[in-house]
Amino acid sequence: MKALRENRIYFTLLFFALVAAISLWSWRGINNPSKAEASVPRSSTRLFEPPIPLNALSLTDHNGREFNAVRFMGNWTFIFFGYTNCPDVCPVALVDLNAVYSGLEKGYELGNTKVVFVSVDPQRDSLGHLAEYVTYFNKNFLGITGTPGQIEEFAGKFGAAYKKVYNEGKGEDYLVDHTASIMLVDHLGRLIAVFPPPHDANFIKAEFIKLRDKYGDGYGCLVN
Amino acid sequence: MKKIIIFFISIFMLQQALSAASSLEITGAWVREAPPGMKMLAAYMVLKNSSDKDITLKEVASPQFDSVEMHRTEIEDGRSRMVKQDSILVKAGSSFLLSPGGYHLMLMGPKAELKEGDSVEFRLSFSDGGELSLAAPVKKDTGGGMHHMEHSH
């Protein structure tokens with residue numbers, strides 16, 4: 001009789017241990033962030049049909065030349081807004097843009113595709129510094145910036161926003177919250193597509209080629 | 001009867017002792033090489049907690065930078081925002097990913113320019129008083145699937 005009771009306690013304990021082990025195991029699975037990571041949404045596109053004309057713009061490129069709406073004509077231009085002290089989002093986007101750009105066909109798409117990085121931090125990003133920064137990612141990339149007023153006007157046309165955020169206890173050091181979408185301007189200087197983050201270079205390249213096929217590649221337009 | 005209870009208690013205690021010994025493991029740590037003159041860099045890694053206790057990363061320091069902070073890039077309506085994290089909780093039995101476009105270490109004020117091939121020393125302090133030192137290589141991010149993916153090298 002005593003042995004039977006002991007056996008019963010033994011089995012009860014064993015049962016609870018088993019239940020505990022199973023629940024712990026399944027709970028671990030649920031809380032594993034690397035599994036959640038797999039459900040990160042894929043890239044998407046916001047298309048503007050018809051595309052939105054961008055006119056009367058004026059900024060300065062990293063070679064000191066004026067960058068106005070005429071510079072878009074005959075080219076397909078990817079635009080990204082950011083700042084050079086941006087440690088994560090901007091390099092990630094520029095590496096993605098380099099992957100898109102480097103994957104284009106030489107002598108065809110590559111011939112009139114441009115990548116332009118717009119610095120929204122003219123206080124710290126001199127033209128020289130901007131030149132060094134963008135050409136690090138690809139020697140053909142172009143950095144542009146201007147006065148705070150010019151940048152505000154330029155960004156406004158793209159619906160891009162940015163705001164300085166002072167880092168607590170770090171004095172004058174600041175970060176900049178900013179629109180992290182990749183924008184695409186067509187060969188007629190119109191905003192045609194916006195690619196919100198996270199970005200997938202292969203997806204953006206495929207969408208880009210589709211848009212060129214649909215709207216014309218732009219060769220034969222005024223090229224500069 | 002007593003023997004059985006003692007047996008279970010001792011198994012339980014042994015398990016606790018074993019899990020405390022193998023607390024946190026760091027894999028795939030790397031520092032993104034930055035263009036010349038950059039004052040802010042980012043580091044990424046995987047924190048793997050194979051114990052059955054939650055572990056909180058409280059502080060990170062590096063002798064090669066003025067300061068190191070834990071940050072998260074948050075995207076809202078297509079806008080990015082860097083949100084400072086006071087700590088990072090690595091739950092029992094799970095991995096926590098610091099990767100481009102998400103959680104990362106923000107490295108501020110490099111004392112010397114870092115190039116691919118260099119390495120950065122880090123010291124991580126945890127809430128239980130534990131500390132971990134590691135050296136992370138500086139690498140060029142060449143894209144092509146490096147983002148949002150676990151590193152295992």
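Note on the range A:165-186: among residues that are farther than 14 Å from residue A:79 by Cβ and in contact (Cβ under 8 Å) with a residue 24 or more places away in the chain, the one that is nearest to the other protein chains (Cβ to nearest Cβ) is A:175.
All conditions in (1) buried (at least 16 other Cβ atoms within 10 Å of the Cβ); (2) out of contact with any helix residue (DSSP H, G or I) (no Cβ under 7 Å at 6 or more places or on another chain) hold for residue A:202, with the sole exception of (1).
Restricting attention to the range B:49-68, the residues that are surrounded by fewer than 19 Cβ atoms within 10 Å (Cβ to Cβ) and in a strand (DSSP E or B) total 6.
This table checks each residue for (1) surrounded by 21 or more Cβ atoms within 10 Å (Cβ to Cβ); (2) under 22 Å from residue A:160 (Cα atoms).
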site: A:192; (1), (2): yes, yes
site: A:196; (1), (2): no, yes
site: A:207; (1), (2): no, yes
site: A:213; (1), (2): no, no
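Does the range B:105-120 contain at least one residue that is farther than 25 Å from residue A:177 by Cα, among the hydrophobic types (A, V, I, L, M, F, W, C) and not in a loop (DSSP other than H, G, I, E, B)? Among the residues of the range B:105-120, at least one is farther than 25 Å from residue A:177 by Cα, among the hydrophobic types (A, V, I, L, M, F, W, C) and not in a loop (DSSP other than H, G, I, E, B), which makes the answer yes.
Residue count for the range A:154-197 under the criterion of being in contact with a strand residue (DSSP E or B) (Cβ under 9 Å, 6 or more places away or on another chain) and outside any strand (DSSP E or B): the result is 20.
Let's see how each residue does on (1) facing another protein chain (nearest Cβ under 8 Å); (2) farther than 30 Å from residue A:139 by Cβ; (3) among the small types (Gly, Ala, Ser); (4) out of contact with any Gly (no Cβ under 6 Å at 6 or more places or on another chain):
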site: B:76; (1), (2), (3), (4): no, yes, no, yes
site: B:82; (1), (2), (3), (4): yes, no, no, yes
site: B:87; (1), (2), (3), (4): no, yes, yes, yes
site: B:90; (1), (2), (3), (4): no, yes, no, yes
site: B:98; (1), (2), (3), (4): no, yes, no, yes
site: B:107; (1), (2), (3), (4): yes, no, no, yes
site: B:126; (1), (2), (3), (4): no, yes, no, yes
site: B:135; (1), (2), (3), (4): no, yes, yes, yes
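FYI, it's all coordinate maths here, none of it is from the lab. It should be emphasised that the depicted structure is a prediction, and the values quoted were computed from it without experimental measurement. Cβ coordinates were reconstructed from backbone atoms using ideal geometry, including for glycine residues, and neighbour counts include every protein chain displayed.
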